[in-house]
1. Using a basic spin-label model with each label point 7 Å from the Cα along Cα→Cβ, how many nm lie between Arg112 and Ser206?
2. In whole Å, how far is the Cα centre of region 245-262 from that of region 84-123?
3. With each run of n ≥ 4 DSSP H residues scored as -39500 (n - 2.57), what mean residue ellipticity at 222 nm is computed for the chain after dividing by its residue count and rounding to the nearest 500 deg cm²/dmol?
4. Could you look at the chain and say what percent of its accessible area is carbon and sulfur, using a 1.4 Å probe and all protein chains?
5. Once you put a point 7 Å from the Cα of Ser141 and another 7 Å from the Cα of Glu77, both along the Cβ direction, what distance in nm separates them?
6. Using θ = phi - 60° and the Karplus curve 6.51 cos²θ - 1.76 cosθ + 1.60, what whole-Hz ³J(HN,Hα) does each residue of region 143-151 get, with Gly and Pro shown as x?
7. Can you work out the Karplus-derived ³J(HN,Hα) for every residue in region 302-317? Use 6.51 cos²θ - 1.76 cosθ + 1.60 with θ = phi - 60°, whole Hz, and x for glycine or proline.
8. For Ala291 and Asp47, calculate 0.36 nm times their separation in residues minus their Cα-Cα distance, and state this gained length in nm to one decimal.
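The values are calculated or read from the model by the stated rules, or taken from the named source; none is laboratory data. Note that the structure is a prediction, hence the values are computed from the model and not measured. Heads up, the Cβs are rebuilt from the backbone with ideal geometry, glycines too, and the neighbour counts pull from every protein chain shown. These accessible areas exclude ligands, DNA and RNA; they are computed on the full protein's heavy atoms, side chains included. Shrake-Rupley method; radii C 1.70, N 1.55, O 1.52, S 1.80 Å.
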Amino acid sequence: MMNVMQEILRKIKEYDRIMLFRHIRPDGDCVGSTKGLKGILRCTFPDKEVLLIDHQKSAFLSFMGEDDQDVPDSVYESALGIVIDTATTDRISNKKFALCKELIKIDHHIEREPYGVLNWVEEDASSACEMIAKFFVTFQSELKIDRSAAAHIYTGMVTDSGRFRYDGVSGDTLRYAAALLDQGIDTETLYAHLYLRDFDTLKFKSYVYEQMQMTKNGVAYIFISSETQQRFGLDFEAASASVGYLDAIKGCLCWLAFIENEQDGAIRVRLRSRFAAINHIAEKYHGGGHACASGATVYSREEMDALIRDADAHIGEYKATHEGWM
Ligand code: AMP
């Protein structure tokens, strides 16, 4: 890893202009890692132009601030593009990434498409932000950071690791997080942004607990129709957050949220599990992701039922052949 990190730093030094890219449907990790690396590069190399241009927004992450304004295509053409937290090019949000002179990939998803001239992929890292923090700590004698960049990176580490709880969190994760905290992050305000909920959201949560279903072998699931989203005044992301409400049911090793997309009628699937990997099920239904957190899309209620049956059979088999699960 040291070599590729060194090569990335060398490449960054070579270019006067660096542009950062992330994935569609932005989450805390891709926003935090791009904004965080941008902050590090701005502090360290004040003479370089560092741009982050992306039109996809998440209301939930609006507290992290705005990105840069559009620039002409010619600006991209002389830039080094760094794409973070995005396994495949089809998931890169700003499609103009393709104009960049060269691309670097920094990611922690399963490697399927090494699209960069340099590809730094750590499938075991708990977040892409952890990798950016590692990059900072590794080259601490050369790189500078400020409180705001540290807070962005810390935000992604916290959100992608479920507050340092999920598998993948290591001693190093906490050591890198500590280096960020040393910059003086206001965690009380950060956690207020991340975890305070509106009254109506909690009403929606109680709806999810009322409506959730469970299969024979312990797959919990919920379907959130467009109508339900309207009834509770939810945007798509808020409705999608319902998967998290199902994460602590005893005996349910897998939990699924199906969220109808009002625009095209497709149903977004969010798959989560503990102990048993479920990404092969996501892959069967037009998706992919991590072993225990992946995403997919189904195009009918029948396909949704088929996915639930597959998950149920898989969890049934897992339970029959493993011990120690809860
Ligand atoms: P989500 O439930 O959308 O947050 O997805 C969980 C994880 O799976 C994230 O790390 C996503 O990057 C990944 N993922 C979601 N959808 C897809 C997809 N269609 N193809 C590949 N990976 C995906």
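1. 4.0 nm
2. Distance between centres, Cα-based: 29 Å.
3. So the calculated ellipticity at 222 nm is -12000 deg cm²/dmol.
4. Carbon and sulfur atoms account for 48 percent of the accessible area of the chain.
5. 4.1 nm
6. 9, 10, 9, 10, 4, 5, 5, 4, 5
7. Those phi angles translate into 5, 5, 4, 4, 5, 5, 4, 4, 4, 5, 4, 5, 5, 5, x, 5 Hz.
8. Extra length available between Ala291 and Asp47 comes to 83.7 nm.
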